[in-house]
Each structure stands twice: as C-alpha cells, then as structure tokens.
1. Sequence-distant or interchain residues sharing an amide H contact under 5 Å with residue 108, placed H: which?
2. Rounded to the nearest Å, what's the spacing between the alpha carbon centres of the range 14-36 and the range 192-226? Just the number, please.
3. May I ask you to derive the relative contact order of the range 10-118, considering only C-alpha pairs under 8 Å and at least 6 residues apart, and to give it as an integer percent?
4. Shape verdict for the range 10-118, please, from the Cα gyration tensor: rounded (a/c under 1.5), prolate (a/b greater than b/c) or oblate.
5. Once amide H atoms are placed 1.01 Å from N in the peptide plane, what residues at a sequence separation of 5 or more from residue 54, or on another chain, have their amide H within under 5 Å of its amide H?
6. What are the ³J(HN,Hα) couplings of the range 64-78, residue after residue, when phi is run through the Karplus curve with 6.51, -1.76, 1.60 and θ = phi - 60°? Round to Hz, x for glycine and proline.
7. Scan around residue 48 for amide H atoms under 5 Å from its own, H built in the peptide plane at 1.01 Å from N, and keep only partners 5 or more places away or cross-chain.
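Where a number appears in this text, it was derived from the coordinates with a stated rule and is not lab data. Note that the structure is a prediction, hence the values are computed from the model and not measured.
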Amino acid sequence: MGHEGDPFKYVVYLELSTSRGARLDEQLRTQQSAVRRFLERSRSGLRGEFVQVQEGKDETRPQLSEALSLCKRTNAILLVANALYLLRNPAFVRELHRSSIKFSACDLPAANEVVVEVLAAVAQAEYNARSERTKGALAAARQRGVKLGNPRLKAGTKASALLASRAHIEQTSIRAAQLREVVDGARRDGYTTLRQIAIRLNEMGIATPQGRRWHANSVRRLCRRLTDACKKECT
C-alpha cells in the first residue's frame, strides 16, 4: 500500500453540519475524540486536519477538496470520524470516488472503496424509499378527501363547531399516523432529540398540519399523538 512504517499516513477530514442538532463545537469535540482514539490504536499520526462546516443542502466542500489534494501529494489515507453520516451524502461519495484516494473511518475501519460505494447506494435508496412512502401516504389521504390542513371553523351552530372540531382531531391523528414511519426512520438515522427530529422533517420538506415548519414543541405534540394512538391500538 505504500504506507507501511509511515507514522503520518492519515489526512483527517471532519464535517460539521448546522442541521444536525448538536452545536458545532460539540460535533467537533466528538469527532476529534474519535480520531484521537483511532490514531492511538493504530499508532499513527496526522499529515493534516481539515474541518468543513456544511449549511443546509449545500454540496460544495472546499475543505474536502483540500484534504484530498494533500492525500494525493503525500500518498496518504483520508480518515473521517463518522462514515455512516458522510456516506448518506451522494456528493461526498462522488468526490471521494473520483479522487481514487484510499479511505478509512473511525466508526467503520473495515470499509474499503467498494464497501463505501455499496453503503452509500443503500443509504440513498433507503432515504428515497422513505420519502416516496411518505408522499404516497399523503397522496392517498388526499384522494380519500382528507384535508391535511386545519379545517376552518366557520360561525354556526354548536353542532357544526363540534363536527369541525372532531374532523380536525381525526385529520390530525391521520397525519400523525402517516408521519410515524418518518419519525421512526429519523430516530434510526440518529436524530433522537425533539429538535433533531424537527430538523429532519424540515429537511424532507414536510410541513406541520398547519403548513408551518417543525420545532421541538410541535414534534413533542406529534410524538404525544403517536404515543396515544399506539396505546389505543394495543388496547
């Protein structure tokens, strides 16, 4: 491989995201700790470290390009802390594949270039499938005549107001049930806090029943509805 006996065979690339929920300094400390443990086990050092802060869906990664360039010049291996996060981004995988650089990861040390491509393809297919299932469920609800927004409570009798209120509760419950799979998928992907789940829903372009962006409180209400629905299903 050309790296035997080289104590400085790694170039580290760390990617922080403004949409991951955790503060940037917390993300940086976590990744640097993982890298430090990896290097201690392998008794290796660094040729360089590059930190990229990603905002939203921006696919440009100038720090990754710099890291790959240094790998080429020094015949080093690109080392990342969290492959399972990065491999979900096709843009990262494309640039890594084009570079033909050797790759290693602290959380996936056995990964090689073939494994990287397969995992990335599987992750992308999983994401696309979840998105299509959600869209399909919402489309089916619309075909059944379910209005996914709040019903407008017009002035009228108490009976009509009660019916409108019941319709609102029913529609909200249906919407919550449709989002159960999305929330479960977000948790499997590591989005575990209310704020992180809200970020995930917003990234997928899914609005609240009121047509607004998700926040921690609205996710809390959603999770409460899901819990109540589960209790009813189990009784």
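1. It is 83, by chain and number.
2. That distance is 23 Å.
3. Relative contact order comes out at 30 percent.
4. rounded
5. Here the answer is 16, 17, 18, since their amide H atoms fall under 5 Å of that of residue 54.
6. 3J(HN,Hα) across the range 64-78, in whole Hz: 5, 4, 5, 5, 5, 4, 5, 4, 5, 5, 10, 6, 9, 9, 6.
7. Here the answer is 12, since their amide H atoms fall under 5 Å of that of residue 48.
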